[in-house]
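What follows is a single structure, written as structure tokens, with notes after it.
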Amino acid sequence: MSVLVYTESEQGAFKKVAFEVASYAKAVANQLDTTVTAITINASDSSELKAYGVDKVLNATNAQLDGFNAKAYASAIQQAAQQENATVVILSSSANSKYLSPLVAVGLNAGFASNVVEVPSSTAPFTVKRTTFTNKAFSNTEITSDVKVIGLSKNAFGLVENSASAINESFSPSFGDNDFNINVQSVDKATDKVTIADAEIVVSGGRGLKGPENWGMVEELAEVLGAATACSKPVSDLGWRPHSEHVGQTGKPVASNLYIAIGISGAIQHLAGINSSKVKVVVNSDPEAPFFKAADYGVVGDAFEVVPKLIEKLKEFKAQNA
Amino acid sequence: MKILVCISHVPDTTSKINFTEGDTKFDTNGVQFVINPNDEFGLTRAMWFKEKQGASVDVVNVGGPETEPTLRKALAIGADSAIRVNAIATDGIFVAKQLASVIENGGYDLVIAGRESIDYNGGMVPGMIAGLTGANFVNTCINLEVDGTNATATREIDGGKETVTTSLPLIIGGQKGLVEESDLRIPNMRGIMMARKKPLTVVEPTSGEAQTKDVTFQKPAEKGSVKLVDADNIDELVSLLHNEAKVI
């Protein structure tokens, strides 16, 4: 029996979520009085995992796995889980992990709970808390199968250091021809920008910004904070910003530490998308905007006056705290 | 091309969420149910294939009789026929097994499901039906073209998008981007009248046990009131974010 965790990497380097899921796996393993095995796929240096309580690392290195391929990656994780006799398999909530988790679950005949936000409240029965109704509620979900698959929500558990002496082993999963039926033609990714998925801070603009030509100050504020930019649904519907920045019930959920909403009134669908963010700041000229009821801090004022001031003050703050 | 669109029957996005029976059941009182938005984008894309490439489009839902108005709406939008698997949708794998059975019996070339439903947000059914049927699978799909048995799909990835090629049979987990919001169709009177005459077949569930169950629900804790900062005192906001919230 063990807990298996898929520690995601990109171009050889672990993503931050890899350390978060490893931290979470350690907590679950402690509850079950067992050990944590991590599977890595083409990671260049797995020693970093030791700090997060990983007892054993299975390093799969295979040129066929250089590009993400859900079916093949799921097969590798499934084979690792079977080899390790894992009773719990843990993955993150990145786009790629969400892609392959259901395939892993079917392969292992395992019950799957996604968007999990806490360690199990009970291990017998195995019960986890997860967000439902797009963050408008939580469900306490019991997984009744022998093997359990958990998708951990981003930023739900955080990084917890637990030094361990991870044993490294190479791992060579086998693949069938059908595992590589999806062929990547092109990838269009802004490598120099913080993405909503990875961001600790998100700066988001709404219709109150009046037009796409006014997004410069949103981007400048995001740059000062090292944040990702996002927008409300009307803004992406109007084509001012790409759909990939649309936050809300039919867009992206945001679970950042800080969410700054500028000129967004706070429709119920938008609030559902940002409910998991820890601290919310709203800037809006309308004191009756519903967002003020959901926010921690608010500024009633004209965004075109408040945001430049905020940028200036944050620059001063950064200079003083550099 | 034979297309199946999986339709979830979900509370409208503006619904207030409440629970009954000791927080063990979703309170449907006063809730308007709609086609899951991610499925609606997929249905509209299927209509495009029907009109431009002569595809046939069936829709399917796993649910009780109360979900039939949602299926009728999909027929009014233009689907040719509907299937209701007569079972309560208990969890993702149970639903996926029912859909996999419909897919295998129907011999579909393309299955379009929403990447997730906006009620239980499991995000697992499209991937699970792909796992069960062995079909090719693209998740978070934001564009799809089909030429013969070849498909080109674009999927959203963290921080960008990726274009892939694959072949039919194909299952996609779709979302906004498959079509734009402005392309979504509202059923007209003729569509509604025609939908009454279109076949809605009820089939009994195949075997398949749930592997998860929602034991209780809870709502997020009430939030304290917002701390307002004067627009002329942005220093205070920076100070609060640093010293109190500790997020910068």
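The values are calculated or read from the model by the stated rules, or taken from the named source; none is laboratory data. These numbers come from a predicted model, not from an experiment. With ligands, DNA and RNA removed, areas are computed over all heavy atoms of the protein, side chains included. Shrake-Rupley method; radii C 1.70, N 1.55, O 1.52, S 1.80 Å.
Go through A:Glu169, A:Glu161, B:Glu222 and list them by solvent-accessible area, largest first, probe radius 1.4 Å.
Numbers: A:Glu169 70, A:Glu161 135, B:Glu222 175 Å².
From most accessible down to least: B:Glu222, A:Glu161, A:Glu169.
Out of residues 5 or more away from A:Thr87 or on other chains, whose amide H comes under 5 Å of its own, with H placed 1.01 Å from N in the peptide plane?
Under 5 Å from the amide H of A:Thr87: A:Ser2, A:Leu4.
Could you work out the per residue convex hull volume over the alpha carbons of the range A:47-141, in cubic angstrom?
Numbers: hull volume 12.5 nm³, N = 95.
Given the Cα convex hull of the range A:47-141, per-residue volume reads 132 Å³.
In a Gaussian network model over chain B where Cα atoms closer than 10 Å are linked, find which of B:Lys50, B:Lys161, B:Lys227 has the largest mean-square fluctuation.
Comparing B:Lys50, B:Lys161, B:Lys227 in a Gaussian network model of chain B, the most mobile one is B:Lys227.
Rounded to the nearest 100 Å², what is the buried accessible area between B and A, both sides summed, probe 1.4 Å?
Details: alone 13970 and 15490 Å², together 22670 Å².
Summed over both sides, the interface buries about 6800 Å².
How big is the accessible area of B:Tyr120 in square angstrom, nearest 10, if you roll a 1.4 angstrom probe over the protein chains?
Rounded to the nearest 10, the figure is 80 Å².
Under a 1.4 Å probe, what is the accessible area of the range B:1-119 per residue, stated in Å²?
Working: 4190 Å² over 119 residues.
Counting only protein heavy atoms, the per-residue value for the range B:1-119 is 35 Å².
Taking all protein chains as present, what is the carbon and sulfur share of the accessible area of the range A:247-322, in % to the nearest whole number, probe 1.4 Å? It would help to have the intermediate numbers written out before the result.
Values: 1540 of 2870 Å².
The C+S portion of the solvent-accessible surface of the range A:247-322 is 54 percent.
Given an 8 Å cut-off on Cα distances and at least 6 residues of separation, report the relative contact order of chain B as a percent. Don't skip to the end; give the middle numbers.
Numbers: 485 pairs, mean separation 60.0, N = 248.
Reported as a whole number, the value is 24 percent.
Would you check the accessible area of A:Met1, probe 1.4 Å, heavy atoms only, in square angstrom rounded to 10?
110 Å²
Largest first and in whole Å, give the semi-axes of the protein assembly as shown's equivalent ellipsoid, each being the square root of 5 times a Cα gyration tensor eigenvalue.
Working: eigenvalues 249, 194, 105 Å².
Semi-axes (√(5λ), whole Å): 35, 31, 23.
Protein chains only, probe 1.4 Å: how do B:Met193, B:Met1 rank by accessible area, largest first?
Details: B:Met193 90, B:Met1 65 Å².
Of B:Met193, B:Met1, the descending order of accessible area is B:Met193, B:Met1.
Run down the aspartates and glutamates and flag those whose C-alpha is under 14 Å from the C-alpha of B:Lys16, throwing out any fewer than 8 positions away in its chain.
Cα-Cα hits under 14 Å: B:Asp27, B:Asp119.
Please report the carbon-and-sulfur percent of the accessible area for the range A:33-162; probe 1.4 Å, protein heavy atoms only, DNA, RNA and ligands left out. Could you put the intermediate results ahead of the total?
Values: 1780 of 4050 Å².
Heavy-atom surface of the range A:33-162 belonging to carbon and sulfur, 1.4 Å probe: 44 percent.
Over the range A:148-265, give the accessible area per residue in Å² for a 1.4 Å probe, as an integer.
Working: 5090 Å² over 118 residues.
Per-residue accessible area for the range A:148-265 comes out at 43 Å².
As a test, work out the antiparallel percent of DSSP beta bridges whose residues both lie in the protein assembly as shown, rounded to the nearest 5.
Numbers: 43 of 119 bridges.
In the protein assembly as shown, approximately 35 percent of DSSP beta bridges are antiparallel ones.
How large a share of the accessible area of the range B:167-248, in percent, is made up of carbon and sulfur atoms when the probe is 1.4 Å and the other protein chains stay in place?
Working: 2580 of 5000 Å².
The C+S portion of the solvent-accessible surface of the range B:167-248 is 52 percent.
Quick one: which bits of the range A:80-109 get at least 10 Å² less accessible when the partner protein chains are in, versus the chain alone, with a 1.4 Å probe?
The answer is A:Ala95, A:Asn96, A:Lys98, A:Tyr99, A:Pro102, A:Leu103, A:Val106, A:Asn109.
State the Kirkwood hydrodynamic radius of chain B in Å, one decimal place, computed from all pairs of distinct Cα atoms. Don't skip to the answer; put the middle values down first.
Values: mean 1/r = 0.0505 Å⁻¹.
Computed over chain B, the radius equals 19.8 Å.
Considering only protein heavy atoms, what is the solvent-accessible area of B:His9 at a probe of 1.4 Å, reported in Å² to the nearest 10?
40 Å²
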